[in-house]
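Report on one structure; see the data block that follows.
The values are calculated or read from the model by the stated rules, or taken from the named source; none is laboratory data. Every value quoted in this text rests on a predicted model; they were computed, and no experiment measured them. Methodologically, a virtual Cβ is constructed for each residue, glycine included, from the backbone with ideal geometry; neighbour enumeration extends over all protein chains shown.
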Amino acid sequence: MGSGQDAALAAGRNTFMVTDTDQIRRAFSQDGFVILRNVYGLSMIEEIESLVSDTARSWNLARGKPTAGGDVYDDLAFLEKNDPDAFYKLGTFIGTSVAGLRLAMSPKIIDAISLVSETPATRLFCNNPTMFYNDPKVPRLQYRWHQESTYQTDYRHALHTWSPLFRDIGLKDGPMLVKRGAMAQTFPYKYEKRNRGFTQLLIEDEDIKQFETVPCVLNRGDAVLFQHRLVHCTGQNRSGRARINMIVRYFDALAESVFEPVLVYHSRVAHLNSKEAKN
């Protein structure tokens, strides 16, 4: 059996409809993630896609990009190259729109969260949905193996969703990769900071080699729901064009001693907890 078939089978073990309640609970508990089919209506997806596309195009006009030709991939590539700060703002804050929040509050995704959350879903807080961009020509925006819990250390209980925009995500499109079952501990990590790039709290391959790597192959309208400590990374994009997705984070702000309704990344704390700082 080829590697593509193997990968499809691996992902299939964790792929469900929201109505598969017992299987979702079991897989999420054992493996740290589930792939959920058709949790977003097409109209929800098209609303946020249209907003991203229209915003990028209008911002580019102010930066001298011709209006004729091109598509959303061209527009985002132009904005990222010519104004990285504006590109960052687009990705970070587009999800605070009604279109983004409507996606985050999809009844089916809330139903799925209710199945696996220690806290009732209606008592969780939602961090602003964020757009991520996987372009092979822009390695500074690609995450290596990591855990969300090392970025947001103040929160013991959080859940995350990952869903594609603009097209289905196959094996060549740079899907999110997860390490099945790698969520029972906090792994040692190295701190790396690139200029204008993501801060990497990267886990080395040697420390997680015993866990199976699963590519999360998704259609528009699907989502990966995963645990706060599940090890995951950006998959290699071999499609020839960027991969675009949304991340939504749900967390129990009321369970902490100090109320903080926004997920906060403490770079100093992360650096002090890294391998280098401890050695």
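A single member of 115, 159, 124 is within 25 Å of residue 18 (Cα to Cα) and in contact with an Asp or Glu (Cβ under 7 Å, 6 or more places away or on another chain), and it is 124.
Considering 178, 231, 214, 224, the condition of being crowded, with 23+ Cβ neighbours inside 10 Å, hydrophobic (A, V, I, L, M, F, W, C) and more than 30 Å from residue 72 (Cα to Cα) is satisfied by 231 alone. Evaluated against (1) modelled with pLDDT of 95 or more; (2) touching a helix residue (DSSP H, G or I) at 6+ places or on another chain (Cβ under 6 Å); (3) farther than 24 Å from residue 92 by Cα; (4) surrounded by 17 or more Cβ atoms within 10 Å (Cβ to Cβ), residue 14 falls short on exactly one condition, (1).
Taking each residue of the stretch 17-33 that is farther than 17 Å from residue 118 by Cβ and looking for partners that are in a helix (DSSP H, G or I) with beta-carbon atoms closer than 7 Å, six or more apart or interchain, yields 18/108; 18/111; 18/112.
If only residues of the stretch 235-246 that are out of contact with any Gly (no Cβ under 8 Å at 6 or more places or on another chain) and either without any contact (Cβ under 8 Å) to a residue 60 or more places away in the chain or outside any strand (DSSP E or B) (or both) are counted, the one that is surrounded by the fewest Cβ atoms within 10 Å (Cβ to Cβ) is 240. Tallying residues that are under 25 Å from residue 81 (Cβ atoms) and touching a His at 6+ places or on another chain (Cβ under 8 Å) within the stretch 183-206 yields 1. For the stretch 84-124, the helices (runs of 4 or more DSSP H) that sit wholly inside it and include 2 or more residues that are in contact with a Phe, Trp or Tyr (Cβ under 7 Å, 6 or more places away or on another chain) are 84-93, 107-116.
May I ask you to verify whether residue 249 is surrounded by fewer than 23 Cβ atoms within 10 Å (Cβ to Cβ), in a strand (DSSP E or B) and among the charged types (D, E, K, R)? Criteria met by residue 249. You will find that of 102, 140, 167, the residue that is of a type in the set (D, E, K, R), closer than 27 Å to residue 55 by Cβ and out of contact with any Asp or Glu (no Cβ under 9 Å at 6 or more places or on another chain) is 140 and no other.
What pairs come out if I take residues in the stretch 187-204 that are touching a residue at least 60 places away in the same chain (Cβ under 8 Å) and closer than 22 Å to residue 228 by Cβ and pair them with residues that are among the aromatic types (Phe, Trp, Tyr) and surrounded by 13 or more Cβ atoms within 10 Å (Cβ to Cβ) whose C-beta lies under 9 Å away, six or more apart or interchain? Listed by first residue and then by second, the contacts come to 189/145; 199/151; 199/191; 199/265; 201/151; 201/189; 201/191. The set of residues from the stretch 142-166 being farther than 18 Å from residue 230 by Cβ and either free of Cβ contacts under 8 Å to residues at least 60 places away in the same chain or assigned to a strand (DSSP E or B) (or both) comprises 164, 165. Restricting attention to the stretch 68-111, the residues that are over 18 Å from residue 46 (Cα atoms) and of a type in the set (A, V, I, L, M) add up to 5.
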